[in-house]
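Below is one structure, written out as structure tokens; comments come after it.
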Amino acid sequence: ICDYPNYDTRLMLKKIERREDNRNKQDTIKERKVYCQSLLTEGVDYMSNCIFVDESGFNVNMVRGQARARPNEPAIVHIESKKAENISILMAISSRGI
């Protein structure tokens, strides 16, 4: 099966997205609310004293796992080498900007 659209049902083959069953249960939502309220009582104010930090890493030779090719021909992606440098990006943002 390829990711060719099925015109009868308008379905396409897609990568699945996993979500925990407990993610949106009422107990979980209540726990989140209690946690957020506890932050307010401790003086956490997102608009004045919080900085959000995010890090992302990747390899410069990362390629998609699938590609298109003619029938009976392999899908080949040319890269410079098998071993490449890993890159990390670090970002911080607050209500005052980056």
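The values are calculated or read from the model by the stated rules, or taken from the named source; none is laboratory data. Bear in mind that the values here come from a model prediction, so they are computed numbers and not experimental data. Don't worry about glycine lacking a Cβ; one is built from the backbone with ideal geometry, like all the others, and counts go over all protein chains shown. All accessible areas refer to the heavy atoms of the entire protein, side chains included, with ligands and DNA or RNA removed. Shrake-Rupley method; radii C 1.70, N 1.55, O 1.52, S 1.80 Å.
The heavy atoms of Glu31 offer some 130 square angstrom of accessible surface to a 1.4 angstrom probe. With a 1.4 Å probe rolled over the protein heavy atoms of all chains, the accessible area of Asp45, Asp27, Asp21 falls in the order Asp21, Asp27, Asp45, largest first. Ligands, DNA and RNA left out, the accessible area of segment 11-61 computed with a 1.4 Å probe is 54% carbon and sulfur. Measuring only protein heavy atoms, the 1.4 Å probe finds Lys25 accessible over about 100 Å². Quick check: from the Cα gyration tensor, does segment 17-98 come out rounded (a/c under 1.5), prolate or oblate? Taking the square roots of the gyration eigenvalues as a ≥ b ≥ c, segment 17-98 is oblate. Extension gain, Met91 to Lys25: 0.36 nm times the residue separation minus the Cα-Cα distance gives 20.6 nm.
Of the chymotrypsin sites (Phe, Trp or Tyr not before Pro) in segment 19-98, the ones in a loop by DSSP (not H, G, I, E or B) with at most 12 other beta carbons within 10 Å are Tyr46.
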